[in-house]
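The next block holds one structure in the form of structure tokens; read it before the comments.
The values are calculated or read from the model by the stated rules, or taken from the named source; none is laboratory data. These numbers were taken from a predicted model, which means no experiment stands behind them. Cβ sites come from the backbone with ideal geometry, for glycine too, and all protein chains shown count toward neighbours.
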């Protein structure tokens, strides 16, 4: 028997199979996740920016954060970014559309580049999000670029903010500085700035154009050569419209070395530079000390910004350790929001479609509060207005001093509600108000800079003075052996010196005599040969186009001066009284005569008799009383009262008449030989005027005198010679000159009424000079204090004996108003006495009637008899 023994297999332990099962499970999970990932739709986006610059680094980091957040949370889509350099933007856009199949293109900080890419987008139907905007939006912009979205506002708001700052500090002229991008796109910004400044009464004096930073080998030398050109300008308000950070660094460094960033200068830098101040080193920002910067405002509050801020700093520090500052700026926030515009548009699409038009339309529906501000589009442009921050560079940092909005102007708060509370809803802007916060100015100036190259001892104010004035009383130059030994005096010089003493600052100056016409003096200021003109300059509209005038310190009008003759008349004795006074005197005389006759003719034998005898006696009595020669006796007490008042009237009248007539006969009255300009032209008579002034042109072109009848008179002594030799029949002068001439020759000449009025005599300065405002204020103070009148009396006002001949003769006859009260008293007294006499007559008549009827008792008769006797005494 064979015994078969079979072996039973032993089971393997479980721990031997566990690792194998685990590996298989992991492979299955990875396979499933890979399948899910492969099911996501990948959308490629093209980014055109220079990642080697600070702006490019911020934008790249922000976009990568946005893509990472979206890819992590999205279950259906995945974004992919493709970066290209911004050298050849059109070719780069076409390449990414063709090779990478990008669906959206984002980037471009220069508008010409954005326009080129927008053209590519229009041709290919790819939406384009631009970080640049034109200075002036074309009217058919949606038709020209139907697939373009602008994530930046145009420069109009920033330009208006700059203009408001200029106006707030009353700077009249500015210098615009910008870096030429090579496409001429700065012309629009320059046009906007020029228009905005004109609206606030300022202008651009000079435009300094710097070449692109990438096109020069020695930027420091090039910038220095350009800044040297500013030595010929007077304005010291510099507005840096647009510039790269590199060019701005050289600009401020060279300007500070040349003294352009110093006292009485002001610098305003735009958002393109201010937004990058956080990223520059201390030496660069210290060269900008005192500058006012404009920066786009964005809120730094909220969880979303806090998460982005922390994430951005971590990634940026790791990727770019060479950068000192890791905080995100407006460029990073705007780039992050542009990705949100795209991702929200993708989420709005019900099903994925390759139609770019649908995607573009969904992008235009964006309406959210982004990190850079409110994102809401209309016509492809941001709809809401921007809020700008105004900062001031101090030392190695900057501080925020104010906010600005188009609706409310300057405000301490960025919120519109604060602006409404501060300025009022009806006052949408307050450009005349200065900035709310204190400003640290260049050179540590403790006052608002004038924005002008102020005179110094080394470079004093160069003032032109008329070398040969028509009248020495205004300006007189006593020439010395050398020009610096000349002596200057006269009314205009003394006014200037008084005004200069009232200024709040020292004003070094030097006079220079100019032997030319007054128009040549004006043009000398206009072409910057002189800084000012001090003299007897008349304010004219034509001259104000070239210079700025101060307030006038003397009035000015055109007058005609002619020889005068004594005024004699056969009726001179009637001149002391006006005809109204003569008529009133005759009327009161006749009335008094009638009252005297009525009161006396019943009881006074001298006034009785025939009617002719009664009237002649009363008339003779009244007239003789004028000379106090009346002899008739008065019986009635009422008549005595009338005569007493009448004699007082006669005394006042005769005294006044005698005094007035004596004055007229003693002081010779001069009458112009003629006053009619047409008579001069009709008789072809010659007239004289100064050839250096505008008067000759006025006489020829306005008054229509023939040129051959207009004689050029050099000075006041020539006027006298020409009159005495009968070479001229009249002279045309301005009022101040007439005063001076008649001051000396008032007994032979007379001035007529003004023919035309002008702006007055004033000082002239270069356009935009802040000294004009200070001088005008000082002239007002000089006038209000009476000092200006004292100077005018000293130099221009004639003595008393000539004061009556400055203008046409004025009648000195006595008027009725001077004696009206006296005549009323006389008339009232006579009338009252007449009424009393009539009452007595009626009572007496009644008594006799009663006596005749037998109704009067003996007692009544005795009483009445006593009263009658008293009346007749």
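Of the residues that sit in the stretch 143-168 and are touching a strand residue (DSSP E or B) at 6+ places or on another chain (Cβ under 8 Å) and part of a helix (DSSP H, G or I), which one is nearest to residue 275 (Cα to Cα)? The residue in question is 158.
Checking 578, 654, 639 one by one, the residue that is modelled with pLDDT of 70 or more, crowded, with 17+ Cβ neighbours inside 10 Å and more than 30 Å from residue 746 (Cβ to Cβ) is 639 and no other. Determine whether the stretch 182-189 contains at least one residue that is crowded, with 16+ Cβ neighbours inside 10 Å, in contact with a strand residue (DSSP E or B) (Cβ under 6 Å, 6 or more places away or on another chain) and within 30 Å of residue 447 (Cβ to Cβ). Checked against the condition, which is being crowded, with 16+ Cβ neighbours inside 10 Å, in contact with a strand residue (DSSP E or B) (Cβ under 6 Å, 6 or more places away or on another chain) and within 30 Å of residue 447 (Cβ to Cβ), the stretch 182-189 yields no hits at all. Sort through 343, 296 and tell me the only one that's within 12 Å of residue 372 (Cα to Cα), touching a helix residue (DSSP H, G or I) at 6+ places or on another chain (Cβ under 9 Å) and either surrounded by 20 or more Cβ atoms within 10 Å (Cβ to Cβ) or touching a residue at least 24 places away in the same chain (Cβ under 8 Å) (or both). Only one candidate passes the filter, namely 296. For the stretch 121-136, taking the residues that are within 42 Å of the chain's Cα centre (by Cα) and assigned to a loop (DSSP other than H, G, I, E, B), the one that is surrounded by the fewest Cβ atoms within 10 Å (Cβ to Cβ) is identified as 136.
Restricting attention to the stretch 246-288, the residues that are within 20 Å of residue 439 (Cα to Cα), in contact (Cβ under 8 Å) with a residue 40 or more places away in the chain and either in contact with a helix residue (DSSP H, G or I) (Cβ under 7 Å, 6 or more places away or on another chain) or not in a helix (DSSP H, G or I) (or both) total 14. All conditions in (1) outside the structural domain of residue 121 (by TED's automatic domain parsing); (2) assigned to a loop (DSSP other than H, G, I, E, B) hold for residue 327, with the sole exception of (1).
Scanning the stretch 294-318 for residues that are touching a strand residue (DSSP E or B) at 6+ places or on another chain (Cβ under 8 Å) and outside any strand (DSSP E or B) yields a single hit, 297.
Note on the stretch 86-120: residues that are in contact (Cβ under 8 Å) with a residue 40 or more places away in the chain and either touching a strand residue (DSSP E or B) at 6+ places or on another chain (Cβ under 9 Å) or outside any loop (DSSP other than H, G, I, E, B) (or both) amount to 19. Examine the stretch 350-364 for a residue that is in contact with a strand residue (DSSP E or B) (Cβ under 9 Å, 6 or more places away or on another chain) and either outside the structural domain of residue 124 (by TED's automatic domain parsing) or not in a helix (DSSP H, G or I) (or both), and state whether such a residue exists. Scanning the stretch 350-364, I find at least one residue that is in contact with a strand residue (DSSP E or B) (Cβ under 9 Å, 6 or more places away or on another chain) and either outside the structural domain of residue 124 (by TED's automatic domain parsing) or not in a helix (DSSP H, G or I) (or both), so the answer is yes. Counting only residues that are buried (at least 16 other Cβ atoms within 10 Å of the Cβ) and part of a helix (DSSP H, G or I), the stretch 524-547 holds 4 of them.
Of all residues in the stretch 195-216, none satisfies being in the same structural domain as residue 389 (by TED's automatic domain parsing), over 28 Å from residue 111 (Cα atoms) and in a helix (DSSP H, G or I). Tallying residues that are over 16 Å from residue 158 (Cα atoms) and crowded, with 21+ Cβ neighbours inside 10 Å within the stretch 264-275 yields 2. Here the stretch 36-84 is the region considered, the condition is being part of a loop (DSSP other than H, G, I, E, B) and modelled with pLDDT under 85, and the residue that is surrounded by the fewest Cβ atoms within 10 Å (Cβ to Cβ) is 75.
With modelled with pLDDT of 85 or more and over 24 Å from residue 142 (Cβ atoms) as the only criterion, which of 387, 351 stands out? Working first, answer last.
On the way: 351 fails: modelled with pLDDT of 85 or more.
Selected residue: 387, the only one of 387, 351 that is modelled with pLDDT of 85 or more and over 24 Å from residue 142 (Cβ atoms).
Highlighted here are the strands (runs of 3 or more DSSP E) found entirely within the stretch 366-415 that include at least 1 residues which are under 24 Å from residue 59 (Cβ atoms): 367-369, 374-378, 388-394, 397-405.
Residues in the stretch 731-786 that are at pLDDT below 90 and on the phi > 0 side of the Ramachandran plot: 768 only.
Being touching a residue at least 60 places away in the same chain (Cβ under 8 Å) and touching a strand residue (DSSP E or B) at 6+ places or on another chain (Cβ under 8 Å) is the filter here; which residues of the stretch 74-85 pass it?
Let us first name the residues in the stretch 74-85 that are touching a residue at least 60 places away in the same chain (Cβ under 8 Å), namely 74, 76-77, 79.
Correct list: 76, 77, 79.
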